[in-house]
1. Which condition does F171 not pass, out of (1) touching a Cys at 6+ places or on another chain (Cβ under 9 Å); (2) closer than 30 Å to N111 by Cα; (3) of a type in the set (F, W, Y), if it passes all the others?
2. Tell me the residue from V279, V185, V204 that is open to solvent by 30 Å² or more (accessible area, probe 1.4 Å) and modelled with pLDDT of 95 or more, please.
3. Those residues that are assigned to a helix (DSSP H, G or I) and surrounded by fewer than 15 Cβ atoms within 10 Å (Cβ to Cβ), I need them from segment 290-305; list them, please.
4. What number goes with the only condition from (1) surrounded by fewer than 20 Cβ atoms within 10 Å (Cβ to Cβ); (2) in contact with a Phe, Trp or Tyr (Cβ under 6 Å, 6 or more places away or on another chain) that A25 does not pass?
5. Identify, please: which residue in segment 30-54 is among the small types (G, A, S) and open to solvent by less than 30 Å² (accessible area, probe 1.4 Å) and is, among those, farthest from L169 (Cα to Cα)?
6. Considering only strands (runs of 3 or more DSSP E) fully contained in segment 334-438, which possess at least 1 residues that are surrounded by fewer than 22 Cβ atoms within 10 Å (Cβ to Cβ)?
7. So S120 fits all but one of (1) over 17 Å from the mean Cα position of the chain (by Cα); (2) surrounded by 22 or more Cβ atoms within 10 Å (Cβ to Cβ); (3) of a type in the set (S, T, Y); what number is the exception?
8. Yes or no: G286 on the phi > 0 side of the Ramachandran plot and either out of contact with any His (no Cβ under 6 Å at 6 or more places or on another chain) or open to solvent by 50 Å² or more (accessible area, probe 1.4 Å) (or both)?
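The values are calculated or read from the model by the stated rules, or taken from the named source; none is laboratory data. Quick caveat, the model's predicted, so the values are computed rather than measured. Please note: Cβ atoms are built from the backbone with ideal geometry, for glycine as well, and neighbour counts cover all protein chains shown. The area values use the complete protein model at the heavy-atom level, side chains included, leaving out ligands, DNA and RNA. Shrake-Rupley method; radii C 1.70, N 1.55, O 1.52, S 1.80 Å.
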Amino acid sequence: MPNPLDQPLAAIAAQLADGSLKARALVEAAQARHDPSLNAYKTWAPDFALRQTAAADAAFVAGSQLGALQGIPVSVKDLYGVEGLPIFAGSPRELPARWRAEGPIVRALRNQAAVIMGKSHTVEFAFGGLGVNAHWPAPWNPQDRKTHRSPGGSSSGAGVSLGEGTALLAFGTDTGGSVRIPASVTGNVGLKTTKGRWSTAGIVPLSQVFDTAGTLTRSASDAAFVFTALDGEAVPALDGLGGVKLAVAEPFFWDGAEPGVAERVQEALRLAAAAGAKVSDMALPGSAEVYELYHRGGIISAELFAVLKRDLPDWIPTLDSRVRKRMEAGSALPAWEFLQRRDRYDALGAGAAAALEAVDALVCPTVPISPPPMAAITDDDTYMRINLCMLRNTCVVNFMGLCAVTLPAGRDQAGMPVGLQLIGRPGTEARLLAIAGAMERLLKQKDVWGSPAI
């Protein structure tokens, strides 16, 4: 009999519902896979989790089906408030108790009797794409057990919790790529939702303008299962890719791609075309301008400074120096320029959404580079340069108000995972997840994980 942890979420949920699998047994099996050396969690909470399994199993015995995620092991980023667990938000000390208040996403998990295994590591106040945190050791990307490589950020422990097997579903936040980057570099699927679709209440804010909540899962089918369970919108069934309109993004999204990254995504596009997808080229209006605006700093930096100044002033003196430098770069942004930039982002986003009406998804690499060894990003200049590279293809989606999914497309020349990003107009998450599922099945047939790209 296969290990239940290695099965799709839908199959696991069915076994829990029919009584052939107990939530306690599932969670204990997940806990047995915990590898402290990977450092996925800021707060690992085995007793807390087992108490939740008792409630989930009792509900099953009583015939109460509380939701599709009942009994499923979940990790949440240490920005989410969870009653009974401390919250640090990547800082060196615990935040005041009021930040533990649970928002709609955690309440939905509780209402469905999902099992929260612990709080996964984050970059301090979620401001960084590499997973570096001066206060706490960076999680270890489980895709390379010999070299300590970036696990991605800012949801740095999320993909690692999936990789070690202690969680079957991970929750992160995505302001400029912080769900999709860690999902991509750890070989998982990440969903960036449209701004406002899922509430960010109960989550320590970085940017009220751009923050979104999202999920990391081991597969696109799992991502669709979770999306329907939490959102309510069903993901349509796709038998294949016949007639699906995919657009290849312009060179901006491919420039500087390291060996094997572009090749894997291009290979996936060729396979999709052979399977009946209609593949064309598209320049997403405003992409380069949006990135150039981001490169200058501004909105997010100013917003983080405002949040800390208002709510957590005592945390400012101990900020990670890299977070501080990025924050201070925008802290003096005049109000008129803040508003002007936000209006420009809105205008560019409207143009991009209109262009995307012609296709089902725009396709590009999620991250154009291989996750770097942590030893290679110790100096500030290198860190800033590589951090911008990691965020380039994802931040455009946030700033234009779009949604996106990343899924694994194979390995690069260094043997590390390559993410393929599907970008859609606002509100098209279900369609993107359906396409991701069809792509996933196609790539599985071709065994894309078999060898690095040449």
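1. F171 satisfies all of (1) touching a Cys at 6+ places or on another chain (Cβ under 9 Å); (2) closer than 30 Å to N111 by Cα; (3) of a type in the set (F, W, Y) except (1).
2. V279
3. E292, H295
4. So A25 meets the others, but not (2).
5. The residue in question is A45.
6. none
7. S120 satisfies all of (1) over 17 Å from the mean Cα position of the chain (by Cα); (2) surrounded by 22 or more Cβ atoms within 10 Å (Cβ to Cβ); (3) of a type in the set (S, T, Y) except (1).
8. In short, yes.
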